[in-house]
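The values are calculated or read from the model by the stated rules, or taken from the named source; none is laboratory data. These numbers were taken from a predicted model, which means no experiment stands behind them. Here Cβ is always computed from backbone atoms with ideal geometry, including for glycine, and neighbour counts include all displayed protein chains.
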Amino acid sequence: MPNLPPRITDLRLEGVTKRFPGVLACDHISLDVGQGQVLALVGENGAGKTTLMNILMGLYQPDEGRILINGKETRFRTPNDAYDCGIGMVHQHFMLVPNMTVAENVALGSKDLHRFLKLDLKTAKKRILEISERYGLPVLPDAYISQLSVGEQQRVELVKTLCFGAKFLILDEPTSALTPQETDDLIELLKRMSGELSIIFISHKLNEVKALSDTVTVLRRGAVVFRGNTADHSPADIAALMTGHEVILPRNECEDGCGKSVLKIEKLSVRGDRGHAALDGLELELRAGEIVGLAGVSGNGQRELADVLAGLREAESGSILLEGEQLLGKTPRQIIDSGVGYIPEDRHDEGIVPSFSIRENLVLKDFASPAFTSGPFLNLAQTERNAKELIDRFDIRCPSSATAAGSLSGGNIQKVILARELARKPTTLIAVYPTRGLDMGASEFIHTRLLELRKSGTAILLISEELEEIMNLSDRIAVIYKGKILKILPAPQATRQKLGVLMAGITDEGAAS
């Protein structure tokens, strides 16, 4: 392990303020974390949580305020300064190099693993395996990041940070990509780890906040609106403090309004990035006005299925019929034009062009249509009218339509994607983890829009690892295991226990599939 810094017994932020053009991201925020304490930092998307933590990590410099460690004022000019003090952060948007291996990513960030312009991969692999075994975080050191699912990349981020010797851990939405069982395991792990280090835990999942944290600080629009002991407040209380109003997630009442078959998948077989059989004869059908929830542990073929349906991956065999028309072999452009909407797993890198404006991202799929062009040029007046209408309708919080989409919070990026896809009135929508990492207010908004789309007659495939989300929204729930649909249940018959057993590959007869 690297040389470890002295233990942090007290960390305080006093009056920290950060401004961006048109936005007051952090407004004189103060908080205090003691030794062995778990502080939950909660708030809506865009409330300032990540910006505040990026200041603590030396990624941003505060305009006002100060940081004190063990009573001594400290200034972090780079993340290396923070790591040298024993502070590590697992970011919501992963800080990983996709075309490098896990071991290379760890060695790249560890100064003590640089050897004469080379990386000490042997020591890096040993360190990874030690951390993996100690904390029960399975990671393959030789796997390329680009080959890993989002859930696996999340584990790599946590292992990497622990490999750096962090004693004060900042976790920004660490469970957003994990299954319920993985989440429970991580919470138990963090409880044990809190005996060794202090934790700032950023999460929108308030049951996890209740289960893990000692104290909670609530941010709203960049300012602290509440501090208190977590045990004294229910998840509903905390949600109301975050949003300023009571939050009630909508439910699908499962009224039988389903129509004709819209999307039919037959005997679909697909290879994964590592050459394995990701989908093995998968069969599934979607009807108009129906939400089919796809439940499963990460890595069982969900990513590959979404890719094939969007035209981003080739299939070995099988058939995908959209209203009787074969989709296999079509380009993404042709699939878009056939009426398929797509909310991708990775909203930041696959759902938007981060450097493009919100206005431009909202017409990414229609930039060549007569509605938004004048000859070879974009009709700026029309794209601006479109942007203003969608920003208002979907409550996208931004300084202006000219703001770079990549600078928005996760929830607002997701609203941009949702606005673009729903404005096109798709016949079929593939929604992959549509509320991953979002606060309850944003989740409530997106769930309401999905149910409205269902009511309008769209067939929706909802891919999610959030069992509550799948159970609340779906008409039918299909459980995927090792690339096959193990069973399909009517939503009213599904329970967390039934789904959990099926997700583990165990059928009603009790035998592993």
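Worth pointing out:
- Residues in the stretch 173-191 that are in a loop (DSSP other than H, G, I, E, B) and at pLDDT 80 or above: Glu173, Pro174.
- Given (1) out of contact with any Lys or Arg (no Cβ under 9 Å at 6 or more places or on another chain); (2) part of a strand (DSSP E or B), number of the condition Glu73 does not satisfy: (1)
- Residue check for Phe367: in contact with an Asp or Glu (Cβ under 7 Å, 6 or more places away or on another chain) and either surrounded by fewer than 21 Cβ atoms within 10 Å (Cβ to Cβ) or assigned by TED's automatic domain parsing to the domain that holds Gly457 (or both): no
- Residues in the stretch 465-496 that are of a type in the set (S, T, N, Q), modelled with pLDDT of 90 or more and in a loop (DSSP other than H, G, I, E, B): Ser474 only.
- Filtered residues of the stretch 201-218 (kept if among the hydroxyl-bearing types (Ser, Thr, Tyr) and closer than 17 Å to Ser443 by Cβ): Ser203
- Residues satisfying the stated conditions in the stretch 125-153, i.e. in a helix (DSSP H, G or I), out of contact with any Pro (no Cβ under 7 Å at 6 or more places or on another chain) and crowded, with 17+ Cβ neighbours inside 10 Å: Arg127, Ile131, Tyr135, Val150, Gly151, Glu152, Gln153
- Within the stretch 39-68, being β-branched (Val, Ile, Thr) and either under 22 Å from the mean Cα position of the chain (by Cα) or at pLDDT below 90 (or both) holds for Val42, Thr50, Thr51, Ile55.
- Of the listed requirements (1) outside any strand (DSSP E or B); (2) farther than 24 Å from Pro434 by Cβ, Leu321 misses just one: (1).
Let's see how each residue does on (1) of a type in the set (D, E, K, R); (2) assigned to a helix (DSSP H, G or I); (3) buried (at least 16 other Cβ atoms within 10 Å of the Cβ):
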| position | (1), (2), (3) |
| --- | --- |
| Ala236 | no, yes, no |
| Met242 | no, yes, yes |
| Asn252 | no, no, yes |
| Leu263 | no, no, yes |
| Arg274 | yes, no, no |
| Leu279 | no, no, yes |
| Leu284 | no, no, yes |
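- Within the stretch 109-124, the set of residues being assigned to a loop (DSSP other than H, G, I, E, B) and either at pLDDT 85 or above or polar (S, T, N, Q) (or both) comprises Ser110, Asp120.
- Odd one out for Leu4 among (1) modelled with pLDDT of 90 or more; (2) not assigned by TED's automatic domain parsing to the domain that holds Ala223: (1)
- From Lys210, Lys267, residue being within 21 Å of Lys49 (Cβ to Cβ) and at pLDDT 90 or above: Lys210
- Top-ranked residue in the stretch 71-120 [being touching a helix residue (DSSP H, G or I) at 6+ places or on another chain (Cβ under 9 Å) and among the small types (Gly, Ala, Ser); ranked as surrounded by the fewest Cβ atoms within 10 Å (Cβ to Cβ)]: Gly109
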